Amino acid sequence: MHVLKHLLHYVLQRKTLAVSVLIFIFIAQITELSIPILVGVTIDQILLSITEERFEIAIVLTGVMLIIIASVIRGVTYFLGRWIGYLQGERIIYDIRKDLFNKYETSSLEFFDTHHTGDLMARATTDLEPISEFLVWGERILLQAFLTYVGIYLVLYIIDIRLFLLIGIVTPTLFILSYFVSTKLGPLFFDIRQQYGKLTTVIQENIAGTQIVKAFNAEDREKTKFDKENFTYFDLRAYAFKIRSVFLPMILFVVNLLITILIFAGGYLVIQGDISPGLLITLFTYFIMLAMPTRFLAFSLIMYQRVSAAGDRVFTLLEAPTHLPEVPKAERILENISPTIIFDKVSFSYKDRQILSNISLTINSGEKIAILGPTGSGKTTIISLIPRFYDPNIGRILLKTGQKTSYDLRDLDLKAWRQKVGFVHQEPFLFGRTISENIAFGVPEATIEQINKVVKITQLDEFISNLPDGLETIIGERGVTLSGGQKQRVAIARMLLRKCPIMILDDATSSLDISTEARFQEAFEEYLDGLQDKQTVIFITQRLSTLKIVDRIIILNRGQIIEQGTHEELLEKGQIYPLLWKTQELGMVDIKLALEKIIQERS
């Protein structure tokens, strides 16, 4: 019922198509049920005219013409019902797939932390196939079967109640069989859909991580893992097919039993003179007609179990919270300036793991800060809270501007706020498109002059000029044809083109050699100095050279700030930072490793 409720919601969004399908299928089925009656009446009239020796060709022609007219009406309305039903089904699948994609686009990172990519892809593709089949023709078959059953049993009741009762005794067997099989297939089809999600996840992970798999010689282990998931999927499908293979012959056996009963009982009634031979032919034709809808009804019931399993996965996902609720009338910061960012006693946990603990931090407007810390200290979590990829579990993040004392980040229009925040990850994602398309991803209307400007700042100009197609070079999926440093610089250029008041670089130069990083930092500083409005820049870095260009340094450990201040202040009064700076003399340039060693020795 949960799935039907959601499907009904989508059907009602396409009321015109739904009503048209019902009307045309109803007319088609009524005319189809009228044809055996016309045949029977025509035969009785012919037999009567022969008996009375007054055969008239007009009787035959009238019956034939009525049958032809009914057949034409049935054919036309059946075609229209099928075609409109197809359009309705595909439109609804289009709407569901669109809603799923919108769900993915608007969900927080927490949503993706709890769902595998392969499983999400399966829900937007293969899980919609059984729903599509049901909407395109399963819905129509159920309606036809219902009208056929109602029409035939109504005729039986009108002709002879004895036939109605006799057939009525056997018919419940069909529904008992259907119910029994549905209770078996329902959970089984759900398991099949879940297993398919696991299977696609294994495939997706191995395609995305093919370099890692090959580097660790893990091909055989991954093949074994895939074979295990693949065989489980095969085994579940084989068991479902086994149940269906047993069920369908049983349905046909019951239908044939009904026809046998009708021939025996109907023949007896003809001999007794209770019904005419033409009427017996009408009833026999009805039951021949009943065989196909019954078989389709069985298919439809099996199909519904598949729909129920797949639909449950799809609609449960659509109902899942995005984890980032927005207030009805969200505010917007209209000024294109970087506000002061205030972490007010912020704590954050991921599942059962505490990441940040009671952080109080102010990042002033236009300030350049560097955040340092060993692995797991909470650096990435802090910067992920600023664009509101996540919300704090405790505390709040406030924004101060020149016009208003403060905004709570959760009260702001999320889309408008993220327009003000530029973000570069340590391992940036690039699309399998041209270099210019990747750089202009956030500003698709950017001119070639604007793109070339940020290309020059990021020291990509020489590299791009040596490419045969220059900026129009396609870089492959996830930027596979670029080096790590080149990918990072493309991502930085993409951020710079947006001209965001707040820029966050999460170890975004870690793959650059020292010479290239030095030239980039010099060009970046010139770029910032030339801006009319000062921009806030937040670095997470493993390079001590970066610390020379920032206004303030913040050192984290285990989700807490253990030191902060300017370079000079920390060298003079700090306990961790002076030791960190001295690691240069020992040849250590990786801040993260150096910090881990220093903190471990001090503790």
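Every number here is computed from the coordinates shown, using simple stated rules; none is lab data. The structure presented is a predicted model; accordingly, all values stated were derived computationally and were not measured. Every residue, glycine as well, gets a Cβ built from its backbone with ideal geometry; the counts of neighbours run over all protein chains shown.
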Compare the Cα positions of 196, 307, 240 along the charge dipole of segment 2-319 (+1 at Cβ of Lys, Arg; -1 at Cβ of Asp, Glu; about the Cα centre) and return the one farthest towards the positive end. 196
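Please give the FRET efficiency for residue 264 paired with residue 241, using the beta carbon to beta carbon distance and R0 = 25 Å, rounded to the nearest 0.05.
E(calc), rounded to 0.05, equals 0.10.
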Just to confirm the number: angle between the C-alpha axis of helix 514-529 and the first principal axis of the chain, 0 to 90 degrees, nearest 10? 90
Nearest 10, in degrees from 0 to 90: the angle of helix 484-498 to the longest Cα principal axis of the chain is 90
With the Cα gyration tensor of segment 548-587 in hand, give its eigenvalues times 5 under a square root as the equivalent ellipsoid semi-axes, listed largest first in whole angstrom. 17, 13, 10
Taking segment 350-412, the equivalent ellipsoid from its C-alpha gyration tensor has semi-axes in Å, biggest first, of 22, 16, 9
Enclosed volume per residue, in Å³, of the convex hull spanned by Cα atoms of segment 220-270: 36
Here the relative contact order (percent) of the chain, from C-alpha pairs under 8 Å and at least 6 apart, is 14
Residue farthest toward the positive end of the dipole of segment 2-319, with Cβ of Lys/Arg at +1 and Asp/Glu at -1: which of 172, 281, 4? 4
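For segment 356-500, what is one quarter of the convex hull surface built on the Cα atoms, given in nm²?
Computing the convex hull of the Cα atoms and averaging its projections yields 10.6 nm².
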Note down the nm distance, to one decimal, between modelled labels 7 Å out along Cα→Cβ at residue 400 and at residue 601. 3.9
When all C-alpha to C-alpha distances in the chain are sorted into bins of 20 Å, what percent of pairs does each bin hold, rounded to whole numbers? 15, 35, 24, 16, 9, 2, 0
Only helices counted: for the chain, with every DSSP H run of 4 or more residues adding -39500 (n - 2.57) and the sum spread over all residues, [θ] at 222 nm is -21000 deg cm²/dmol
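Need one number: % antiparallel among DSSP beta bridges in the chain, to the nearest 5.
DSSP beta bridges in the chain are roughly 55 percent antiparallel.
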Taking 0.36 nm per intervening residue step and subtracting the Cα-Cα distance, what contour gain separates residue 445 from residue 354 on full extension? 28.5 nm
With +1 on each Lys and Arg Cβ and -1 on each Asp and Glu Cβ, how big is the dipole of segment 2-319 about its Cα centre, in debye rounded to the nearest 20? 280
Any residue on another chain or 5+ positions along whose placed amide H is under 5 Å from the amide H of residue 563 is listed here as 555
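Calculate the all-directions average of the projected area of segment 57-191's alpha-carbon convex hull, and give it in nm².
Values: hull surface 50.7 nm².
Projected area, direction-averaged: 12.7 nm².
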Segment 2-319 - Rg and Dmax from Cα coordinates, angstrom: 26.0, 95
Considering the options 218, 137, 118, tell which one lies farthest towards the positive end of the dipole of segment 2-319, charges being +1 on Lys and Arg and -1 on Asp and Glu at the Cβ, about the Cα centre. 218
Using a Förster distance of 51 angstrom, determine the FRET efficiency expected from the C-beta separation of residue 456 and residue 571, and round it to 0.05. 0.90
R0 of 30 Å, Cβ-Cβ distance residue 231-residue 393: FRET efficiency to nearest 0.05: 0.10
Could you tell me how many degrees, from 0 to 90 and to the nearest 10, lie between the Cα long axis of helix 2-13 and the main elongation axis, the longest principal axis, of the Cα atoms of the chain? 90
